[in-house]
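So the structure is just underneath, and the comments pick up after that.
The values are calculated or read from the model by the stated rules, or taken from the named source; none is laboratory data. Please read these numbers as outputs of a predicted model, since none were measured by experiment. Because the Cβ atoms are built from the backbone with ideal geometry, glycine has one as well, and the counts that use them run over all protein chains shown.
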Amino acid sequence: MANKNDFKGWGILFGILGVVLFSTKAILVKLAYRYEVDTLELLLFRMLFSFPFYLIILFLTKNSFKLFQIAKKLSFCTHFSSFFSSVAQLCNSKKPSTGYRIPNFRLIPKSLNEFKEKGIVQPQKRDFLWVLLFGFLGYYLASYFDFLGLNYIKAGLERIILFVYPTIVVLLGFLFFKRSITKPQALAIGITYLGILIIFWNEVDISGSKTLWGGFLVLLSAIAYAAYLVGSGWLIPKYGVLRFTCYAMLVSTFCVVVHYALQGNWKLWNFPMPVYGYSIMMAIFSTLLPSFLVSASIKRLGASNFSILGSLGPVSTILLAYAFLGEELTYLQLSGMMVVIFGVTFLSLPGKRE
């Protein structure tokens, strides 16, 4: 019993760390903006600094069994052994890891033969065209709108808007795939957007109409990411979660480079050192590490229990924004945030999805 409780305890710890690290992205972007860096330049830095990591991961995922063996050798204690092995698990997972329907990962195969027997379906040549499309949509376009919106709204508000993407997934499924929306889902969606209305009704009085524009840009980011999740689901079994993510990130890096080449001023190395520091931190601590921590947490807790920890995202962002940016939300906005969290959590409960 003690070992089981300890196992779950580490799962909670990994989950909280992963959620908090994901929340630091908006804080780092806002801190970098203080040095008058352009949105496109900052996004380019983030992509360039993360580029080598994704190349390495992509190389390792070509032989996931070897990655598992490496993970075992790297592990220095029982608890962190399963953390590293979750990286290999993610390589062989055939379902998308999202905040809405996070999969229960399969056990690592015991032998190389068993691993090959459960191998990933080989993609066709035409599938790479879809990878280009969804890489453009889900990581380049969503990230660009998100970074752009942070010029106009608080980090806490940005996180709350992005938090509603599961409701957009449901709505897109209804519009394009004729998936019915159940009464509990409709109720959850209504509650969620009521909370958003409460938050922005008050913020417009405080910060002016620019808040609406910033909120709209971040909402476009959430829509682009939700469309990526809805549209790319059938590709995941052909590539595996981690490999597909790497391809999508490499495509988005190419898109950002092309965008900058057409519009940039080519003064990438004239910024103060903190800009580069924040960009490196975004690449490592807001992208790579939390994805592995979250997968390790899901392995221990299950998807439903982790979805409860996911609701800490907006809260942690607001606390971090208060500590590092001096941002504050009114009591009315905090009430709206709680309404949003309740709506999304209600929608994410297993019994409310179907």
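Evaluating THR192 against the criteria (1) at pLDDT below 85; (2) within 30 Å of LEU133 (Cβ to Cβ) leaves one unmet condition, (1).
Inclusion of PHE22 among residues that are farther than 19 Å from TYR140 by Cα, modelled with pLDDT of 50 or more and assigned to a helix (DSSP H, G or I) is not warranted. For MET47, the conditions (1) closer than 30 Å to GLY343 by Cα; (2) under 15 Å from the mean Cα position of the chain (by Cα); (3) modelled with pLDDT of 55 or more are fulfilled apart from (1). Whether a residue is among the basic types (Lys, Arg), in contact (Cβ under 8 Å) with a residue 40 or more places away in the chain, closer than 22 Å to LEU40 by Cα and assigned to a helix (DSSP H, G or I) was assessed, and ARG159 passes this test.
Here is a yes/no grid of residues against (1) modelled with pLDDT under 90; (2) crowded, with 22+ Cβ neighbours inside 10 Å; (3) hydrophobic (A, V, I, L, M, F, W, C):
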position	(1), (2), (3)
PHE216	no, no, yes
ALA224	no, yes, yes
ARG243	yes, yes, no
LEU250	no, no, yes
TYR276	no, no, no
MET282	no, yes, yes
PHE285	no, no, yes
ALA296	yes, yes, yes
